[in-house]
Amino acid sequence: MNEASAPDWKILGALGTILLFDTIFFKISFSGPWDSESFTLGIIGLSGLSLIYISWYRLNFKMKGLIPWMDNWKNPKKTAKYVILIGIITIFAAWLTGNKIEQLPDPSGLILALIGCLMILNGTYVLLSLGILKEN
């Protein structure tokens, strides 16, 4: 796909960054239908992370979507190792977020741990698909 037909990623990235900054620093929220400002703040943060991820996907793969298929990767074996390493770093960040950083909402560590585990699972799947699970 050429640059002219690639989907726009800048607006989603900017909006996601604004929502994430609100969650971490400004903490502007409302009680919502569940009568809990902190829950609404968590929803705002998750929405921001989701928009940032979609923006990253569009920037890297030049197409709309959510799942990075192996066919989209230029060098799957090398990239899978990076994905696993970043997943491990994300799990460490989840531990820090849950235990040491008091400014973030309480479930932030759990959400980061989930993201890290999914990254490790994806990277492991790619390595196994290129190795012992490869079709002849």
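Quick notes on this one:
- Matching residues, the range 23-34, being buried (at least 17 other Cβ atoms within 10 Å of the Cβ) and assigned to a helix (DSSP H, G or I): Thr23
- Counted residues, the range 1-14 - those being assigned to a helix (DSSP H, G or I) and buried (at least 16 other Cβ atoms within 10 Å of the Cβ): 2
- All positions within the range 104-133 that are polar (S, T, N, Q) and under 26 Å from Asp22 (Cα atoms): Ser108
- Number of positions in the range 70-101 that are without any contact (Cβ under 8 Å) to a residue 40 or more places away in the chain and either in the same structural domain as Trp56 (by TED's automatic domain parsing) or more than 21 Å from Leu114 (Cα to Cα) (or both): 5
The values are calculated or read from the model by the stated rules, or taken from the named source; none is laboratory data. Keep in mind it's a predicted model, so treat the numbers as computed, not measured. Backbone-built Cβ (ideal geometry, glycine too); neighbour counts: all protein chains shown.
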